[in-house]
Amino acid sequence: MKNYLTASISASAVRHNIAALRSLIGEGVKLCPVVKDDCFGHGMDVLYPVLAELTDGFAVAAPLEALELRQKGYHGFILCFLSAYFDDFKIQDELVWQEITQTVMSQSAMTSIQEAARRVGKVAKVHLKVDTGMGRLGVPANQAATLIETIQKIPEVELTGIYTHFATADEKDRAATFRQLELFNSIVPAAGNITVHAANSAATIDWPETHFDMVRVGIAMYGCHPSDQIRNRVDLKPCMSVKAKLIAVKHMRQGSKTGYGLAHEFERDSRVGVVPIGYGDGYFRSLSNKAVVRINGMEAAVCGRVSMDQMTVDVTDIPDIQVGAEVEVISSDPAAPNGVENLARLADTIPYEITCHLGHNMRHVLVD
């Protein structure tokens, strides 16, 4: 972690986003935040108290993420998408002992969890994941009924939920999502105390018929829209801003060049600031000669190629620039050219990738 790089996370923005999403789903539907990969790079350590207070559980990718939540003192519902089928017995047993709900997608997965439950002497709670068209993880839809029946006969395992995941809920063409929803509806058991869930952020916003008993919200909770197609359906506030400080300012003559490959040539006598962030910190190299940062409220273009741990910006038009000046690398203003969504467009990627890459190498602080 680099203390001179700071990701400020706005608690008020997260609260606003949760309230906005809850207004879409109604009182009877639970809101489960997806907090995998350190809250999509936003920092679990700083966001945990906010999320624990305002949501109805947590969804994580990996077993260790789930166990870390228990270590923080959280006693509520945790769903683990990727259970410990291939981990050692100690982790398998700990998941059952800590009452973490595991995902079942096959007979072999169920058997592994059943054996852990026997070793621990507790009933293991599981949710069944069904592949309705994503083509990734999940029991094939035509095998789901058989697996449900099998699980319900095993005393060591309790089926408490069933879910699927949409591949195209954030796209304008609704046909594929509608087919997935129809198939999922045909599989869901008609009776039983089972939590049914399917909606990711996009479906939570744009597909009310997918809300069922619970929604799993990820990127929207952090303030980014899942896609441009549903941008205007809900008011979201990005919660992350990233700041650094200039570590050098130097003069460059007209015609001189900068960076690896000498990829930028100055068309006038210029001043260049060096910012201590690079692709090793998650700032994409593909933003070279494209992106801007803001200093003293003014834009400074990234000039030359982004290096592993530093980049250069053109500060010629910013008056009284000094070493130590604060640099807004990422803005929490969604309209800013250096906002997450705009940087994602420049890098030809998605906001998820921008925030996940940025999170790992900097100090996180909770503000407001």
Query raised in the report: Would a scan of region 115-125 turn up a residue that is over 20 Å from the mean Cα position of the chain (by Cα), touching a residue at least 40 places away in the same chain (Cβ under 8 Å) and in the same structural domain as Thr168 (by TED's automatic domain parsing)?
Result: yes
Query raised in the report: What number of residues within region 19-42 are closer than 20 Å to His364 by Cα and aliphatic (A, V, I, L, M)?
Result: 2
Requested in this report: Scan region 58-101 residue by residue and report those that are over 15 Å from Cys32 (Cα atoms) and not in a helix (DSSP H, G or I).
Outcome: Ala62, Lys72, Gly73, Leu82, Ser83, Ala84, Tyr85, Phe86, Asp87, Asp88, Gln98, Glu99
Query raised in the report: Somewhere in region 263-286, is a residue buried (at least 22 other Cβ atoms within 10 Å of the Cβ), within 18 Å of Gly324 (Cα to Cα) and of a type outside the set (A, V, I, L, M, F, W, C)?
Result: yes
Query raised in the report: So how many residues does region 354-368 have that are surrounded by fewer than 17 Cβ atoms within 10 Å (Cβ to Cβ) and either without any contact (Cβ under 8 Å) to a residue 12 or more places away in the chain or part of a strand (DSSP E or B) (or both)?
Result: 3
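Within region 147-159, does at least one residue satisfy the condition of being in contact with a Lys or Arg (Cβ under 9 Å, 6 or more places away or on another chain), surrounded by fewer than 21 Cβ atoms within 10 Å (Cβ to Cβ) and assigned to a strand (DSSP E or B)? Let's see the steps before the verdict.
To start, the set of residues in region 147-159 that are in contact with a Lys or Arg (Cβ under 9 Å, 6 or more places away or on another chain) comprises 156-159.
Subset that is surrounded by fewer than 21 Cβ atoms within 10 Å (Cβ to Cβ): 156, 158.
Filter once more, keeping what is assigned to a strand (DSSP E or B): 158.
Yes - at least one qualifying residue is present in region 147-159.
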Requested in this report: Tell me, please, whether a residue that is charged (D, E, K, R), within 19 Å of Glu341 (Cα to Cα) and touching a helix residue (DSSP H, G or I) at 6+ places or on another chain (Cβ under 8 Å) can be found in region 289-299.
Outcome: yes
Query - region 322-332, residues that are buried (at least 19 other Cβ atoms within 10 Å of the Cβ) and outside any loop (DSSP other than H, G, I, E, B) - result: Val327, Glu328, Val329, Ile330, Ser331
**Report entry** Meets criteria (surrounded by fewer than 22 Cβ atoms within 10 Å (Cβ to Cβ) and either of a type in the set (S, T, N, Q) or in contact (Cβ under 8 Å) with a residue 60 or more places away in the chain (or both)) for Ala335
**Finding:** no
**Report entry** Of all residues making up region 265-292, the number that are in contact with a Gly (Cβ under 9 Å, 6 or more places away or on another chain) and either aliphatic (A, V, I, L, M) or part of a strand (DSSP E or B) (or both)
**Finding:** 2
Report task. Go over the candidates Ala190, Ala203 one by one and state the one that is closer than 16 Å to Ala20 by Cα and either among the small types (Gly, Ala, Ser) or not assigned by TED's automatic domain parsing to the domain that holds Cys356 (or both). Result -> Ala203
Requested in this report: Tell me which of these Ile205 doesn't satisfy, since it passes every other one: (1) of a type outside the set (Lys, Arg); (2) over 17 Å from Thr132 (Cβ atoms); (3) at pLDDT 95 or above; (4) assigned to a loop (DSSP other than H, G, I, E, B).
Outcome: (4)
Query raised in the report: Of the residues in region 65-83, how many are out of contact with any Leu (no Cβ under 8 Å at 6 or more places or on another chain), farther than 21 Å from Thr111 by Cα and not hydroxyl-bearing (Ser, Thr, Tyr)?
Result: 10
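The values are calculated or read from the model by the stated rules, or taken from the named source; none is laboratory data. These numbers come from a predicted model, not from an experiment. Cβ coordinates were reconstructed from backbone atoms using ideal geometry, including for glycine residues, and neighbour counts include every protein chain displayed.
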